[in-house]
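J.: The following block contains the structure, expressed as structure tokens.
The values are calculated or read from the model by the stated rules, or taken from the named source; none is laboratory data. Note that the coordinates shown come from a computational prediction; the quantities given were computed from them, not determined experimentally. Here Cβ is always computed from backbone atoms with ideal geometry, including for glycine, and neighbour counts include all displayed protein chains. Ligands, DNA and RNA are stripped out before the accessible areas are found, and what is left, the full protein with its side chains, is counted by its heavy atoms. Shrake-Rupley method; radii C 1.70, N 1.55, O 1.52, S 1.80 Å.
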Amino acid sequence: MITRSVDSSLIHHDVTVLTQVSESITGGNMYGAPVDLSFKHVSSLSDAWTEEPSSSLRPLKRNSKMKYVSCSLRLNNNNITDLHDLQRTVNHFLAEPSQLAWLDLSFNNISHIDQVLCELHELRVLYLHGNGLFILSEVDRLGVLPHLHTITLHGNMIETNKAYRNRVISALPRLKSMDFSAVTRQERVMANIWHQSNRRSRGGKETLQ
């Protein structure tokens, strides 16, 4: 779990700036106005079902069933610990839940990369920075996502692993941006070399130990 003692207004400002930067890099506008459930003080995803999304400069549209016409969901800066109800949450808010392309789960208390994330087959952008992820090998699960090109994982315990960036780039072959930094061709080559070397010498668990 990540301890956060920074003033919430400062965090909000930092997240807003990072979001604006990341949207300019990854084309966030293409996903429509986000369903913004950040800073709702929810500790479980089911708690979010009774919340109203925050308003933004881009108004949200609803369909005839009062579902939001959006491909972007923000659940950042809450106290979420697990993703058990993620699919139900997506279904609850989005008109086309299968088209979810942008998911922000940053600054929560998530400790594992749940298998449910691997079911989001249209996901392009995933923010998981500022959580409590500690098993680096769990990143491998996301390799099944055919369109995932942007991810953030900094601010987790896995970041201290010396193989951190190589492991993530190796596991996600379509990755273009990691931790708000472009993945270069050289990094891709080095990650492939690391992967081949690691396969030959694999023996222990891929954790912080």
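J.: What is the distance, in nm, between label points placed 7 Å from the Cα along the Cα-to-Cβ direction at Ser43 and at Arg88?
T.: Modelled inter-label distance: 1.8 nm.
J.: Using a 1.4 Å probe on the protein heavy atoms, what percent of the accessible area of segment 101-168 belongs to carbon and sulfur?
T.: Details: 1150 of 2120 Å².
Carbon with sulfur: 54 percent of the solvent-accessible area.
J.: Give the lysines reachable from Lys40 as a straight Cα distance under 21 Å; neighbours fewer than 8 places away on the same chain don't count.
T.: Candidates past the 8-residue exclusion: Lys61, Lys67.
J.: A further question follows. For segment 44-159, what is the accessible area per residue in Å², given a 1.4 Å probe and the full set of protein chains?
T.: I get 42 Å² per residue for this part.
J.: Under a point spin-label approximation (7 Å from Cα along Cα-to-Cβ), what is the Ser177-Glu51 distance to one decimal in nm?
T.: Going by the 7 Å Cα→Cβ label model, 2.3 nm.
J.: Going 7 Å from the Cα of Asn63 in the Cα-to-Cβ direction, what parts of segment 82-104 have a backbone nitrogen less than 12 Å from that spot?
T.: The answer is 91-100, whose backbone nitrogens lie closer than 12 Å to the label point.
J.: May I ask for the net charge around Thr81, where only other residues with Cβ less than 12 Å from the Cβ of Thr81 are counted and Lys, Arg are +1 while Asp, Glu are -1? Show your work: numbers first, answer last.
T.: Numbers: positive: none; negative: Asp47, Asp82, Asp85, Asp114.
With Lys, Arg at +1 and Asp, Glu at -1, the neighbours total -4.
J.: Okay, next question. Using 0.36 nm times the number of residues separating Ala95 and Arg185, minus their current alpha carbon distance, what extension gain do you get? Before the final figure, lay out each step's value.
T.: Values: separation 90, 0.36 × 90 = 32.40 nm, distance 3.75 nm.
The span from Ala95 to Arg185 would gain 28.6 nm if fully extended.
J.: Taking the Cβ of Leu148 as the center, what net charge do the other residues with Cβ under 12 Å away carry, scoring Lys and Arg +1 and Asp and Glu -1?
T.: Local charge sum for Leu148: +3.
J.: Can you tell me the relative contact order of segment 47-164? Whole percent, Cα pairs under 8 Å, sequence separation 6 or more.
T.: 21 percent
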